[in-house]
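Visitor: I have a structure I would like to understand better, so I am pasting it below and will then ask my questions one at a time.
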Amino acid sequence: QAGKFTDVVLERYQVACQKGDLETVKEMVGGGLIDLSKDHDDGEGVTGLHWASINNRLSIVDYLLASGADVNARAGTLHAPPIHWAARYGYVYIVHHLLKHGADPTLTDDQGFNILHISVNSSNIMLVLYILFFIVDKAVVDVDSPAPHGRTPMLWAAYQGDSLTVDALLRFGAYVKKPDQGGFTPFHWGTLKGQPHVLMY
């Protein structure tokens, strides 16, 4: 019985975090129904902060951080922190808010991606520029940091045909001739994927 009650309470809380229902989240956390040190299921460990981050719910993110949620909690199949969940969808101001409250930009997930790789994969140029200006430019993360198989952010951008990101990475000193472990350079990936605009850069 107690287990069922806990499951129902947790589900209500998680749905509130996903939908941006701040009143319910405040009521549950403030009333002691939810303990932020264990506000996740026993499966993948997804916290309320993860759900709020991936659903673009800034008011929930702000409240949970102010209430003591772990900004660097790892969850999901990739054991990724909330900032990765927000970056994957290009949510610039969620990423900014998490960084302001202690999110570690150097963390990598289980596939070896850091915040720059994930931002590049989002194809949101505003997020890429934000990370370049406030993380890469301060030498916190290297612009050419390799992911698995030696794939740098530049290689991913070329592969995706994202010329705006290719241009931005070049302006921040990305090495255009750096190959991956298979010997493919950004130029090779751009050619393979038929991206003339990328090849021009």
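The values are calculated or read from the model by the stated rules, or taken from the named source; none is laboratory data. The model shown is predicted, which means the values in this text are computed figures rather than measured ones. Cβ sites come from the backbone with ideal geometry, for glycine too, and all protein chains shown count toward neighbours. The accessibility values were calculated without ligands, DNA or RNA, using every heavy atom of the protein model including side chains. Shrake-Rupley method; radii C 1.70, N 1.55, O 1.52, S 1.80 Å.
Visitor: If you roll a 1.4 angstrom probe over the protein chains with everything in place, what fraction of the accessible area of the stretch 1-89 belongs to carbon and sulfur, to the nearest %?
Guide: On the way: 2280 of 4590 Å².
The nonpolar share, carbon plus sulfur, comes to 50 percent.
Visitor: Another one. Starting from the stretch 93-190, pick out the trypsin sites (Lys or Arg not before Pro) whose DSSP state is loop and whose Cβ has at most 10 other Cβ atoms within 10 Å.
Guide: Values: sites: K100, K138, R151, R171, K177; in loops: K138, R151, K177.
Hits after loop and neighbour filter: K138, K177.
Visitor: Tell me, what is the FRET efficiency for F133 and K193 to the nearest 0.05, using R0 = 22 angstrom and their Cβ-Cβ distance as r? Numbers along the way, then the final one.
Guide: Details: r = 27 Å, r/R0 = 1.25.
E(calc), rounded to 0.05, equals 0.20.
Visitor: How large is Rg/Rh for the chain, to two decimals, with Cα atoms and a Kirkwood Rh?
Guide: Numbers: Rg = 19.0 Å, Rh = 17.9 Å.
Ratio of gyration radius to Kirkwood radius for the chain: 1.06.
Visitor: Enter the accessible area per residue of the chain (Å², integer; probe 1.4 Å; all protein chains in place). Before the final figure, lay out each step's value.
Guide: On the way: 9920 Å² over 201 residues.
Ligands and nucleic acids excluded, the result is 49 Å² per residue.
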